[in-house]
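First comes the structure, then the notes that go with it.
Here, each number is a calculation from the coordinates, and none is a lab measurement. Owing to the predicted nature of the structure, the values given are computational and were not obtained by experimental measurement. For neighbour counting, all protein chains shown are included, and Cβ atoms are generated from backbone atoms with ideal geometry for every residue, glycine included.
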Amino acid sequence: MAQAPAPFDRLTFHAPPKPLAVGAKTSDWPRVLGPTDDASSPESPLLKKWPESGPKAVWEVATGEAYTSPAISGEFCVLFHALDGKETIECLNRETGQRYWSQSYAIEYQDRYGFGNGPRGSPVIANGIVVTLGVTSMLHAFDLKTGAELWKQDLRKEYHVPQDFFGAGSSPLILEGQVIVNVGGKAEAFDGFEDRRDRAEKLATKGVTVAAFDLKAGTVKWKVEDQWGASYASPIPAKLHGQVKILIYAGGESNPAIGGLLCIDPATGTVHDRFAWRDEEYIQATGSSPVAIPEKNRAFITTCYPKNKPLGGVMVEYDESFKAREVWQSKKIGVHWMTPVYHDGHLYAIDGERENNSRLVCVNAETGAEVWGKNIEWEDAAFATAQGRSKPVTLSILRASLLRVDGAFLCLGETGSLHWLNLTPQGCEETARTQLFYALNTWSLPALSHGLLYVHQQAESLDRKSGTRIVCYDLRGE
């Protein structure tokens, strides 16, 4: 039985949210891409017009280092971050931010490229159980109501998982009572997390690429052995020819570079197909998950690598034996980490690896042709004043995230802006915009549940008014 939630020192409560509208449609947010694994939500009505100050904050919690989104199930909101050298899992009340329980364990991780040292994979909730995969490949399961640890697996130790470019970063998938993980293991153990390219032979060996663990017991149900490593993309379920399969983009650090799209039977771990999709460039850290299009028995994958001439994206179609064939490919939709959103025959995404070459694009999902591309920019005088500048500063959504909900798209910009967009093949119409905060590295898709939006500020604000935190905003409509 869950204990009553209580306030704690890192929580700031601002104001209770409005009551839900009569007849409101609500949903949990149990995993990183939402309830249907496609960056969409059935929630309505939501607040479409904001005051000048933006939507009201309900509560906020100061956090440590992480590039994660919360998971929400019922009244429970689960956060995953690294605080004081420990990966920390906290279960809060979704409307008050008060805490039911907290669990933590020590980690030793130093990012090779100077980014944060916390987790990259978001928590996942199913059947009253929380599952997390940490940056050092520690897999844990906790009871959602009590926080009791149910089981754990040290995947780095058990399956010889190398650190890879930014540690482990894929979120698990819970499906049919199993926890499915893009493990990325190798045949031989590594001596620590050394950064040497002479590891090429080890990185190319066959190991446990994917594994399924029993959700309740943590025992291994099946394993897939392959040379392909672990990407930063999360596995998704996909209905192909009326059957649910798992799609995983696998492609970790390797030299020469190898990887691609796996189609796996969730019951047995049988690999139906390996669709190779990766350039020979050594550096690659793809975080964009596959996009399933069930009515066409198709899937789309994308990468912004190699940097100078990115592969872009490819659409594949599966036959009745679940073998993939290429339908089209395009260099107009090379995505770094956000997952494209499919809607009414089109893909909407942020193309581009860097801030200075990113743009919002619409691509015809049938042909791969670019329909339009747009840079959403505006002049911001308030930020200029805070920085001691006399002229307004031009801001942009940069490498933003998109969430399709309530007949439109919510867009969270990379520096903390929030937008309502109407996206159609005819173009992009911005109907509302606010600056939630001014901070870099706003990279995680926000979570939405019961009319409340949970945004992860992943860096100290540029005006130094706030540090890393999770903020809950009231988006409930009338």
Residues in segment 417-432 reached by a label modelled at K465 [backbone nitrogen below 16 Å; 7 Å Cα→Cβ] | 417-418
If you place +1 on the Cβ of every Lys and Arg, -1 on the Cβ of every Asp and Glu, and leave all else neutral, what size is the dipole of the chain about its Cα centre, to the nearest 20 Debye?
-> 320 debye
Among 51-64, 437-450, the order from most to least packed when residues are scored by Cβ within 10 Å on average | 437-450, 51-64
Apply the Karplus parameterisation 6.51 cos²θ - 1.76 cosθ + 1.60, with θ equal to phi minus 60°, to every residue of segment 267-279 and state each ³J(HN,Hα) to the nearest whole Hz, in sequence, with x for glycine and proline.
-> 7, 10, x, 4, 8, 6, 7, 10, 9, 5, 8, 6, 7
Extension gain (nm, one decimal) between D143 and N375, 0.36 nm per residue minus Cα-Cα | 79.1 nm
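Which value, in debye to the nearest 20, describes the size of the charge dipole of segment 380-478 about its Cα centre when Lys and Arg Cβ atoms bear +1, Asp and Glu Cβ atoms bear -1, and nothing else is charged? Numbers along the way, then the final one.
Numbers: 9 positive and 9 negative charges, 62 e Å.
That gives a dipole near 300 debye.
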Interchain or sequence-distant (5+) residues whose placed amide H lies within less than 5 Å of the amide H of W222 are A212
Inter-label distance, nm, simple model (7 Å from Cα along the C-beta direction), S53/A187 = 6.3 nm
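Just want to confirm a number: the relative contact order over the chain, from Cα pairs under 8 angstrom separated by 6+ residues, in percent. Before the final figure, lay out each step's value.
On the way: 1387 pairs, mean separation 67.6, N = 478.
Rounded, it is 14 percent for the chain.
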Using θ = phi - 60° and the Karplus curve 6.51 cos²θ - 1.76 cosθ + 1.60, what whole-Hz ³J(HN,Hα) does each residue of segment 29-46 get, with Gly and Pro shown as x?
-> 10, x, 8, 4, 9, x, x, 10, 6, 9, 6, 9, 9, x, 5, 5, x, 10
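Apply 1/(1 + (r/R0)^6) to the Cβ-Cβ distance of T12 and D214, taking R0 = 41 Å, and write down the FRET efficiency to the nearest 0.05.
Numbers: r = 39 Å, r/R0 = 0.96.
E(calc), rounded to 0.05, equals 0.55.
Given a Förster distance of 35 angstrom, what is the FRET efficiency for E317 paired with E429, based on the Cβ-Cβ distance and rounded to 0.05?
Numbers: r = 32 Å, r/R0 = 0.92.
Between E317 and E429 the formula returns 0.65.
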Sorted by chain and number, the residues with a modelled amide H under 5 Å from that of V393, at a separation of 5 or more or across chains, are D380, A381, A384
If you count, for each residue, the other Cβ atoms within 10 Å and average over each peptide, how do 380-387, 323-330, 290-297 line up from highest to lowest?
-> 290-297, 323-330, 380-387
Given Cβ charges of +1 for Lys and Arg and -1 for Asp and Glu, the option among P16, A250, Y67 whose Cα lies farthest towards the positive end of the dipole of the chain is P16
Expressed as a whole-number percentage, the relative contact order of segment 12-53 with C-alpha contacts under 8 angstrom and at least six residues apart is 32 percent
Counting alpha carbon pairs within less than 8 Å and at least 6 residues apart, what relative contact order, in whole percent, applies to segment 1-137?
-> 25 percent
